[in-house]
Amino acid sequence: MNQHHWNDSECLFLPASAPDYLPLPQLRSLQLQRLRATVKRCYEHVALFRSRMEAKGLTPADIRTLDDIRLLPFTEKSDLRDTYPFGLFASPMSDIVRLHASSGTTGKPIVVAYTQNDIDVWKNVIQRTFACAGVGRGDIIQNAYGYGLFTGGLGVHYGAEALGATVIPVSGGNTDRQIMLMRDFGITVICCTPSYFLHIIDHAEKIGVDIRKLPLRAGFFGAEPWTEEMRKRIEELAGIKAYDIYGLSEIIGPGVGAESQAQDGLHIFEDHFFPEIVDPKTGESLPDGEEGELVLSTLSKEAMPILRYRTHDITSILTTPSGCGRTIRRIRRINRRSDDMFIIRGVNVFPSQIETAILQIEDTLPHYLIILTRQNNLDQITIQVEVTEKYFSDKVSELQSLRQRLAHAVEQIIGIRAELQLVEPRTLARSEGKIARVSDRRNQPQN
Ligand code: DLL
């Protein structure tokens with residue numbers, strides 16, 4: 001192997017995906033060089049990072065190896081809130097070309113910033129996301145992620161254009177129009193949340209459009225957790241390949257990681273984002289292969305570099321090489337967050353476990369809602385699931401038996417009995433963006 005050293009200016013002359021295949025020593029040396037520059041930038045330009053490092057007696061010169069990243073303090077979502085709006089910026093506003101913000105369910109949103117270089121990196125990682133799945137020039141991409149302050153729409157948009165594909169900036173919502181465009185424009189690739197795509201599939205069927213007969217061949221689904229069982233359902237129902245795309249605003253937006261055609265985990269574009277796994281309780285670093293919380297550091301961000309960001313997303317770094325030959329590391333599909341978990345009668349439950357259980361049973365539709373209530377001081381869990389039409393015309397006994405099979409499948413996975421309510425198709429609320437799968441009514445007054 002030649003000992004050529006990677007250098008940023010060469011990006012311009014190489015295919016966008018070249019860093020995906022770097023020999024590991026080169027990748028690690030590039031990461032170290034960029035980590036050291038990032039730490040220096042944080043220390044010199046961001047008061048919060050400097051004071052945290054000083055409190056630990058650290059200066060940028062203490063980061064000598066990649067493992068030294070563990071010496072650095074963590075960054076939490078609350079740090080972004082506490083420094084609202086611009087307190088973590090490491091560039092003057094005159095160098096910042098774009099701001100995005102999270103919707104923020106409570107109080108102020110989280111604000112994130114980009115220089116032109118940051119936007120170029122974002123384009124690069126989205127190009128690599130699409131390239132991972134064999135999508136490129138000639139593809140017609142319907143981008144149904146929300147445009148606006150959310151990073152999904154514009155983030156995917158510019159990368160798709162840079163790829164040379166045709167982009168339809170439709171944004172989320174107006175499902176009739178989504179389906180019309182898909183058919184009339186010969187869309188080959190769709191990007192949206194998995195829950196919104198389920199709604200599109202369902203609505204298409206209702207208005208008599210067979211998605212399976214359209215040129216659509218791939219979808220890039222992310223921004224919310226979804227399971228392997230959901231992937232199977234989507235691929236079968238729509239006759240496409242369903243790829244997982246991961247990202248978060250604090251790090252860049254979509255494009256932190258993506259699946260390749262091997263569909264064997266998400267490649268982290270680790271020349272720009274350094275992944276670690278830590279024990280969510282103790283913050284202790286865990287070795288590759290072990291499950292824990294994903295912690296990410298940006299390696300090339302200028303406007304808002306972040307050190308060791310606690311994502312709360314639970315995964316592990318995969319240790320076997322990918323079938324696609326990329327050398328950058330992969331993480332397992334993220335189907336839960338440490339703060340998604342709810343506790344029912346002392347048992348820890350994640351919504352994804354319930355999704356896995358109910359989708360194993362044929363005749364369920366991939367639309368469900370988990371409702372938590374409290375009766376006489378005892379927590380109850382009710383799962384509403386849509387099931388195919390035929391159950392509502394057939395004998396009641398069949399509905400009963402399906403209900404029992406579902407209750408059993410759920411109990412097998414979560415260890416406690418849930419109340420199953422089978423409902424007719426299209427009765428549960430649909431989402432055009434991120435869906436809320438759990439309705440926690442435990443603190444509501446009982447009637
Ligand atoms: O959701 C960015 C994005 C847009 C990703 C479009 C993919 C596609 P945030 O709104 O900041 O950013 O939400 C980030 O969403 O920490 C995860 O908990 C969750 N998430 C994102 N992608 C996935 C995925 C965008 N593929 C938070 N699987 C993250 C599971 C995901 N969870």
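The values are calculated or read from the model by the stated rules, or taken from the named source; none is laboratory data. As the structure is a computational prediction, the values presented were derived from the model and not from experiment. Don't worry about glycine lacking a Cβ; one is built from the backbone with ideal geometry, like all the others, and counts go over all protein chains shown. Remember, those area values only see protein heavy atoms, side chains included, never the ligands or the DNA or RNA. Shrake-Rupley method; radii C 1.70, N 1.55, O 1.52, S 1.80 Å.
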Notebook entry, point to check: Of the accessible area of the stretch 1-337, with the probe set at 1.4 angstrom, what percent is carbon plus sulfur?
Noted result: 53 percent
Checklist line | the chain - share of DSSP beta bridges that are antiparallel (%, nearest 5) | finding: 65 percent
Checklist line | 222 nm mean residue ellipticity, helices alone, for the chain (DSSP H n ≥ 4; -39,500 (n - 2.57); rounded to 500) | finding: -9000 deg cm²/dmol
Next item on the list: Bin width 5 Å, alpha-carbon pairs only: give the P(r) of the stretch 278-404 as whole percents, running from 0 to the bin holding the largest distance.
Entry: 2, 8, 13, 14, 14, 13, 11, 9, 7, 5, 3, 1, 0
Checklist line | residue 288 paired with residue 407, simple spin-label distance in nm, labels 7 Å along Cα-to-beta-carbon | finding: 4.7 nm
Checklist line | Distance between modelled label sites at residue 120 and residue 212, nm, 7 Å Cα→Cβ extension | finding: 4.7 nm
Item checked: Cα-based helix-to-principal-axis angle, 24-45 vs the chain, degrees rounded to 10 -> 80 degrees
Notebook entry, point to check: If you line up the long axis of helix 228-238 against the longest principal axis of the chain, both from Cα atoms, how many degrees apart are they, to the nearest 10?
Noted result: 70 degrees
Checklist line | Pairs from 206/390; 40/281; 56/281; 213/390; 77/108 whose Cα-Cα separation, in the structure shown, is over 22 Å | finding: 40/281; 213/390
Item checked: Heavy-atom accessible area per residue - the chain, 1.4 Å, Å² -> 44 Å²
Next item on the list: Compute the distribution of all C-alpha to C-alpha distances in the stretch 207-350, in bins of 5 Å from 0, and list the percent of pairs in each, rounded to whole numbers.
Entry: 2, 9, 17, 20, 19, 14, 9, 6, 3, 1, 0
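What's the Cα-based Rg to Rh of the stretch 342-440, Rh via Kirkwood? Please report the intermediate quantities before stating the final value.
Details: Rg = 13.4 Å, Rh = 13.9 Å.
Reported Rg/Rh, Kirkwood definition of Rh: 0.96.
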Note to self: Within the stretch 340-367, name every residue whose backbone N is under 20 Å away from a label modeled 7 Å from Cα of residue 375 along the Cβ vector.
What the structure shows: 343-347
Check: Any idea what Rg and Dmax come out to for the stretch 289-339 if you just take the C-alpha atoms, in Å?
Finding: 12.8, 35
Notebook entry, point to check: Kirkwood Rh, the chain, all Cα pairs: how many Å?
Noted result: 23.3 Å
Checklist line | Reachable aspartates and glutamates from residue 241, criterion Cα separation under 17 angstrom, eight or more residues apart if same chain | finding: 139, 210, 228, 229, 259, 264
Margin query: Restricting to Cα pairs below 8 Å that are 6+ residues apart, what does the relative contact order work out to for the chain? Please round to a whole percent.
Written below: 14 percent
Check: Taking the Cα atoms only, what angle lies between the long axis of helix 116-132 and the longest principal axis of the chain, rounded to 10 degrees?
Finding: 50 degrees
Notebook entry, point to check: Between residue 86 and residue 29, what is the label-to-label distance in nm when each label sits 7 Å out along the Cα-to-Cβ direction?
Noted result: 4.0 nm
